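The values are calculated or read from the model by the stated rules, or taken from the named source; none is laboratory data. Here the structure is a predicted model, which is why all the values come from computation and not from measurement. Reconstructed Cβ throughout: ideal geometry from the backbone, glycine too, with neighbour counts over all protein chains shown. Calculation scope for accessible area: heavy atoms of the full protein, side chains included, ligands and nucleic acids excluded. Shrake-Rupley method; radii C 1.70, N 1.55, O 1.52, S 1.80 Å.
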Amino acid sequence: MLGLKLPTDPRWADIAEKNIEDILVDHAYCEQKAASTAISLIVTYPEYSELVTAMTALAREEMGHFKMVHDRILNMGFTMGRDRKDEYVLKLRDFFPKGGSRTTQMVHRLLIAGLIEARSCERFRLLSEELEDKELAKFYRDLMVSEANHYTMFLKFARQYGDREIVDQKWQELLEFEAKIMKDLGKDESIHG
């Protein structure tokens, strides 16, 4: 369903479980960044009313997820710690060339956001299936459903605002590029790394 070309190595779930504090902190920052992305799309493309409405709801939802993750961090006796650069996201952002029309730039941003959500969904599925802590596994199962909805929403908007054939071609090329990135990732205690 997600279209990912290279699934996460299942051993990543073991790394995550052994480093659950790092995973939760990284996850909290991912939720913050997702909310920031939604707000940035609102600020940059206010003339797209349907997108603004959806991104307003998404920003609220993502901050709600941040609160849920932050509460879990505190309940487990951990603290947030500092944010680390997300190499995965940085590499994805390099895929599309700079410039082009505003619409093209928006479509590129939507495709990248959709792919980040798809990979998060896949990672949350692994956590929901592999974590020994059943309460935490259920937590990730519930979030997995939200991530899947976000992924499809971003892809829908990209196809709505861009030429469907071109968008689908770019999406496939981005998926291939992401698979190459993932060959070097999956060994760190982070949601995408």
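Please work out the average accessible area per residue across the chain, using the 1.4 Å probe convention, and give it in Å². Please report the intermediate quantities before stating the final value.
Working: 9760 Å² over 193 residues.
About 51 Å² of surface per residue is accessible.
Would you mind calculating the gained length between Ala137 and Thr44 on full extension (0.36 nm times residue separation, minus the Cα-Cα distance), in nm to one decimal? Let's see the in-between values first.
Values: separation 93, 0.36 × 93 = 33.48 nm, distance 3.65 nm.
Stretched fully, the Ala137-Thr44 segment lengthens by 29.8 nm.
Once phi is turned into θ = phi - 60°, what whole-Hz ³J(HN,Hα) does the Karplus curve with 6.51, -1.76 and 1.60 give for every residue of segment 14-31, x standing for Gly and Pro?
5, 4, 4, 5, 6, 10, 5, 4, 4, 5, 5, 5, 4, 4, 4, 5, 4, 5
Could you work out what % of the accessible surface of segment 52-193 is carbon and sulfur, using a 1.4 angstrom probe and leaving DNA, RNA and ligands out of the count? Don't skip to the answer; put the middle values down first.
Numbers: 3800 of 7260 Å².
Using a 1.4 Å probe with all protein chains present, segment 52-193 comes out at 52 percent carbon and sulfur.
Only Lys, Arg, Asp and Glu count, each charged at its Cβ (+1, +1, -1, -1), so figure out the dipole size of the chain about its Cα centre, rounded to 20 debye.
520
Can you compute 3J(HN,Hα) from phi for each residue in segment 140-157, using the Karplus curve 6.51 cos²θ - 1.76 cosθ + 1.60 with θ = phi - 60°, rounded to whole Hz and x for Gly and Pro?
6, 5, 4, 5, 4, 4, 4, 4, 4, 5, 5, 4, 5, 5, 4, 5, 4, 5
For n ≥ 4 DSSP H runs only, could you compute -39500 (n - 2.57) per run for the chain, divide by its residues and tell me the 222 nm figure to the nearest 500?
Working: 7 runs with 144 residues, N = 193.
Using -39500 (n - 2.57) per qualifying helix, the result is -26000 deg cm²/dmol.
Just order 64-74, 118-128, 18-28, 154-164 by mean Cβ neighbour count inside 10 Å, highest at the front, would you?
Highest-to-lowest ranking by the protection proxy: 118-128, 18-28, 154-164, 64-74.
For segment 112-193, state what percent of all Cα-Cα pairs lands in each successive 5 Å bin, counting from 0 Å until the bin that includes the largest distance.
3, 15, 20, 21, 18, 12, 7, 3, 1
Accessible surface of Ile116 in the full protein assembly, 1.4 angstrom probe, to the nearest 10 Å²?
Near enough 40 Å² of accessible area.
Using only alpha carbon pairs under 8 Å that are at least six residues apart, calculate the relative contact order of the chain and give it in whole percent.
Working: 205 pairs, mean separation 65.2, N = 193.
Relative CO of the chain lands at 34 percent.
Report the paramagnetic label zone for Ser101: residues of segment 27-70 whose backbone N is under 20 Å from a point 7 Å from Cα along the Cα-to-Cβ axis.
From segment 27-70, the list is 41-42, 44-52.
Which one of Ala137, Leu58, Ala13 is farthest out on the positive end of the charge dipole of the chain, using unit charges on Cβ (Lys, Arg +1; Asp, Glu -1) and the Cα centre as origin?
Of Ala137, Leu58, Ala13, it is Leu58.
Which value results when the Cα radius of gyration for segment 28-85 is divided by 2.2 N^0.38 Å? Don't skip to the end; give the middle numbers.
Details: Rg = 13.5 Å, N = 58, 2.2 N^0.38 = 10.3 Å.
Dividing the Cα radius of gyration by 2.2 N^0.38 Å gives 1.32.
Taking Rh as the Kirkwood radius computed over C-alpha pairs, what is the Stokes-Einstein D of segment 54-123 at 20 °C in a medium of viscosity 1.002 mPa s, expressed in µm² per second? Can you show the working numbers first?
Numbers: Rh = 14.6 Å.
My calculation gives 147 µm²/s for D.
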